[in-house]
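Just below is one structure, and these are the notes that go with it.
Each reported figure results from applying straightforward, stated rules to the coordinates on display, with no laboratory input. It should be emphasised that the depicted structure is a prediction, and the values quoted were computed from it without experimental measurement. Using ideal geometry, Cβ is built from the backbone for each residue, glycine included, and neighbour counts are taken over all protein chains shown.
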């Protein structure tokens, strides 16, 4: 089974509180790290959670509201002060480049590493990253400015060869990789042994979707069908629906509805308005519509 | 006696740690608030210390290194979200304007209050603010880019009229204000009573100086003679003097030397390199040269 986890670095909406930081989450997949949004103080939260800065190579910024990127310039400055040489990939709206370059300029900072910008497409679902084990997609959300969510989806796992067949058919080591990928096998007498006799299914493809900020969107669920864990913002409780709709944010019921429509196994909520001192009622109200709901708090680490 | 205090919001140098934030201090004089530097996370530290955001009207930025201003855009955004209408005065290098305006632009933020920029002069001591009770001066420091310190100095307090003289000379209420300011008095028989017979000296003029970032500067003390409390950066201990000098930062002995030369009553040190897990040795080394030294930690409030 792959390592696949999400750590909450910030659970607040636009205004942070004394205990809640602006949006940032760390996704780890087989110990490769992906930072999703980077609100003010994200680098301090990374430290608190003992995340090694040198292992972060990919940063995803959902949109150009400050509570999702004001921490990025500080993190990049720290990378540089720590002697970073490895390039950094930033997946973000194109305006991020001028914000960073302007601040690097006025602070007379010459980076010792390259920033590779990958600008987001806000119109459709797009594959923006892949390695051998993982694909990352951006997809459009429904907010007051162009905003993307991000889907982290494992690639198909290789099938598992049954131990019992190895000696029975005298399968050479050189054939293993092909059989794991679905090849049939021809034994020494010329008989074709179908793959499903030789193997069992690989581990299920786990997935995590990050949806912030967004009002309820009917199309959203189509981008993340069958997701294992969906983070959906939940800025307001149901009695503030009017405010939520005006600001193009979601309520408890909106988040639950999207989780249901997507067929998600679990829902994670966050991005609470600073007005909520106690967040337990937000959890309870969401759970009344979608039982398998978790609530984001700083430092929480969830296995996907 | 006037209320006059300094609260530490950030004690770290350029790289924050899990517990130490970048530079920011809050000066309160008769409950008027002055924010000095605004590193990343300053707004969270203000919350933790229960400072009312609506009472902050003046912000001072010493120089354009990110650990001294990366928190400013977030604080301004929060001011706006909280419905601020009152103008905000920012005393800073001129580059601060483009940094803020650029980020307000890309985040499509229309502020509901005015920002009044006051650009610093890095060549000489300058009066940059005054009210009835307080003067604030900027003065040049000795850093790798143009940098100012700030001196908060109370105006002369009115002299105190001796109770015994009120009935003796039948002094009318209307004369009180003048006598407190140093006027002599002419009694009903035409005799001139000198002011020093009528009054005793007012409370002493307290002062606080903020010096960060700076290498040792021989001229620095001339700007802050007789200061009650001087904050002087102390990024490194003495065994790192070479590094300190290369980076144009101060050591323990440098901070102590400036405090001595200025005739300061007390020295406050901060801006420690992230390499120091334990800051007590920094305090002890400074105290070996200047006994009356305090050490900055987040949340510490010092009466001037």
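In this simple spin-label model, placing a label point 7 Å from the Cα along the Cα-to-Cβ direction at both residue A:145 and residue A:94 gives a separation of 1.6 nm. Counting from the shortest, the label point at residue A:160, 7 Å from Cα toward Cβ, is 8.5 nm from the same position in each remaining copy.
With chain B treated as a Gaussian network of Cα nodes joined by springs under 10 Å, which of B:199, B:147, B:188 yields the largest mean-square fluctuation? Comparing B:199, B:147, B:188 in the GNM, the peak value goes to B:188. On full extension, the segment bounded by residue B:193 and residue B:166 gains 8.5 nm, given 0.36 nm per residue less the C-alpha separation. Summed over all non-identical Cα pairs, the Kirkwood treatment of the stretch A:160-200 gives a radius of 10.0 Å. Ranked by the mean number of other Cβ atoms within 10 Å of their residues, highest first, the peptides B:25-32, B:6-13, B:113-120 fall in the order B:6-13, B:25-32, B:113-120. Summary value for the stretch A:1-158: 15 percent relative contact order, contacts being C-alpha pairs under 8 angstrom separated by 6+ residues.
Give the calculated FRET efficiency between residue A:127 and residue B:243 to the nearest 0.05, with a Förster radius of 45 Å applied to their Cβ-Cβ distance. For R0 = 45 Å, the calculated efficiency reads 0.45. Counting Cβ atoms of other protein chains within 10 Å of each Cβ in A:95-107 and taking the mean gives 5. Entry for chain B at q = 0.07, 0.11, 0.14, 0.16 Å⁻¹: log10 I(q)/I(0) = -0.32, -0.69, -0.99, -1.22, Debye formula applied to identical alpha-carbon scatterers, no solvent contribution. For chain A, DSSP calls about 55 percent of its internal beta bridges antiparallel. Once the gyration tensor of the Cα atoms in the stretch A:35-76 is diagonalised, the equivalent ellipsoid follows with semi-axes of 17, 11, 8 Å, ordered largest first. Compactness of the protein assembly as shown is given as radius of gyration and Dmax, 30.7, 138 Å, from Cα positions. The spacing between the stretch B:89-126 and the stretch A:78-111, judged by their C-alpha centroids, is 21 Å. Solvent-free Debye calculation, one equal scatterer per alpha-carbon of the stretch A:132-182: log10 I(q)/I(0) at 0.16, 0.22, 0.28, 0.32 Å⁻¹ equals -0.62, -0.84, -1.04, -1.17. Each copy carries residue A:1; placing its label point 7 Å along the C-beta direction from Cα gives inter-copy distances of 6.3 nm, listed from smallest up. Shielding value for B:32-41 is 2, the average number of Cβ atoms from other chains within 10 Å of each residue's Cβ. Of B:268, B:284, B:229, the residue with the greatest mean-square motion in the GNM of chain B, using alpha carbon springs below 10 Å, is B:284. Radius of gyration (Cα atoms) of the stretch A:219-304, expressed as a multiple of 2.2 N^0.38 Å: 1.02. Sorted from closest to farthest, the other copies place their residue B:123 label points 5.5 nm away, with each point set 7 Å from Cα along Cα→Cβ. Each principal axis of the stretch B:1-99 carries a Cα extent, and these read 36, 29, 24 Å when sorted largest first. Across chain B, the mean sequence separation of Cα contacts (distance under 8 Å, 6 or more residues apart), normalised by length, yields a relative contact order of 17 percent. For the stretch B:66-113, the mean projected area of the C-alpha convex hull, equal to one quarter of the hull surface, is 3.3 nm².
Here the protein assembly as shown carries DSSP beta bridges of which approximately 55% are antiparallel, counting only pairs with both residues inside.
For the stretch A:1-61, the share of DSSP beta bridges that are antiparallel, to the nearest 5, is 75%. Taking N as the residue count of the stretch A:128-270, its C-alpha radius of gyration divided by 2.2 N^0.38 Å amounts to 1.52.
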